[in-house]
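Following: one structure in structure tokens, then a few remarks.
The values are calculated or read from the model by the stated rules, or taken from the named source; none is laboratory data. Predicted, not measured: the structure shown is a model, and the values here were computed from it. Glycine gets a Cβ as well: all are built from the backbone with ideal geometry, and neighbour counts include every protein chain shown.
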Amino acid sequence: MKTLARWVAGLFFAVLLVKTSLHAGGFLGFFETPAPEVLTVTDVTDEGRKWPLPEPGKPVLYEAISFGSQNFPGLRGDVAPNPRAMAAFIVKTLAEQGYERAKEKGVAKVFLSICWGYSRANLGSLGFLGGEKLDLMWELDGSPYAFGPPRWMRSQTAEKVMEAANGDLYIASIQAFDLKKLDAGKMVPLWHTRIACPARGLMMADAIPTMIVAAGPLIGRETTKPVWRDTTYLKKARIEFGELKTLELIQPTAPNDKADEPAKK
């Protein structure tokens, strides 16, 4: 009887440890939510390359719509960021990169479409992750005659992208359009920044803010290939839900960050 009681107690404690290790702070400080490794890739259209990038004193003014996570809801039990607080957090992060939300009508030049959420494991994610820039899209061809570079020839970045596509992901998307032409009924895309990180062991409310800030310097700036950033050295981004206020903002890059740079103009 004592053995059974000890087994039940041990099982309960083990489950408690696992569950608490998935939340920030862990259990008695022994477990921490892992710092996500964040992928960012930005495509810029031919039209977008004609537009100036933001510079100090010369911000890019925009209007925006945020769809939150309604198109990419998480699993049952996952905790998503408060949509309004998350939108305010993104606005502040964009401002740090030179993109300012227009305060008056008629002055913005760019329209941003923003969303974030959860994506189940699916090789179809390769496109979102920038697989075409790493010659990985042939992997989606179900034909037995499909042929591509052997695995041993893949770069470390390509291997990590393949691994990510085969797992669950948290994702975020920021798309830019020519606002004047959009108002005229014509959709002219300028650039598209896509952000992702493996979801295992994380909660959406913790992961998405960290992803947005880690990707900050690459938002709207063309990348020749997907860029991975280790966020171990970033402070944790915390949002006070419902108050549209950032309590703590994380630094955009780690010391001596050797991540790939945006494509040079």
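Among the residues of the stretch 20-74 satisfying the criterion of being out of contact with any strand residue (DSSP E or B) (no Cβ under 7 Å at 6 or more places or on another chain), among the charged types (D, E, K, R) and surrounded by 11 or more Cβ atoms within 10 Å (Cβ to Cβ), which is modelled with the highest pLDDT?
49
Among what's in the stretch 140-164 and is touching a helix residue (DSSP H, G or I) at 6+ places or on another chain (Cβ under 8 Å), farther than 22 Å from residue 38 by Cβ and of a type outside the set (A, V, I, L, M, F, W, C), pick the residue that is modelled with the highest pLDDT.
Ranking the qualifying residues of the stretch 140-164, first place goes to 151.
Only one of (1) surrounded by fewer than 18 Cβ atoms within 10 Å (Cβ to Cβ); (2) more than 19 Å from residue 117 (Cβ to Cβ) is not met by residue 158, so which one is it?
(1)
Which pairs have Cβ atoms under 9 Å, sit 6 or more apart or on different chains, and link a residue in the stretch 81-102 that is in contact (Cβ under 8 Å) with a residue 12 or more places away in the chain and surrounded by fewer than 19 Cβ atoms within 10 Å (Cβ to Cβ) to one that is of a type in the set (Gly, Ala, Ser) and assigned to a helix (DSSP H, G or I)?
Going by the 9 Å Cβ cut-off, the qualifying pairs are 82/205; 96/216; 101/95.
Could you count how many residues in the stretch 195-213 are under 16 Å from residue 87 (Cα atoms), out of contact with any helix residue (DSSP H, G or I) (no Cβ under 7 Å at 6 or more places or on another chain) and not acidic (Asp, Glu)?
5
Residue by residue through the stretch 171-208, note down the ones that are closer than 15 Å to residue 41 by Cβ and aromatic (Phe, Trp, Tyr).
Result: 191, single match.
Under 8 Å between Cβ atoms, at least 6 apart or on separate chains: pull out the pairs that start in the stretch 163-192 with a residue that is surrounded by fewer than 17 Cβ atoms within 10 Å (Cβ to Cβ) and end on any residue that is outside any strand (DSSP E or B) and of a type in the set (Asp, Glu).
188/47; 189/47
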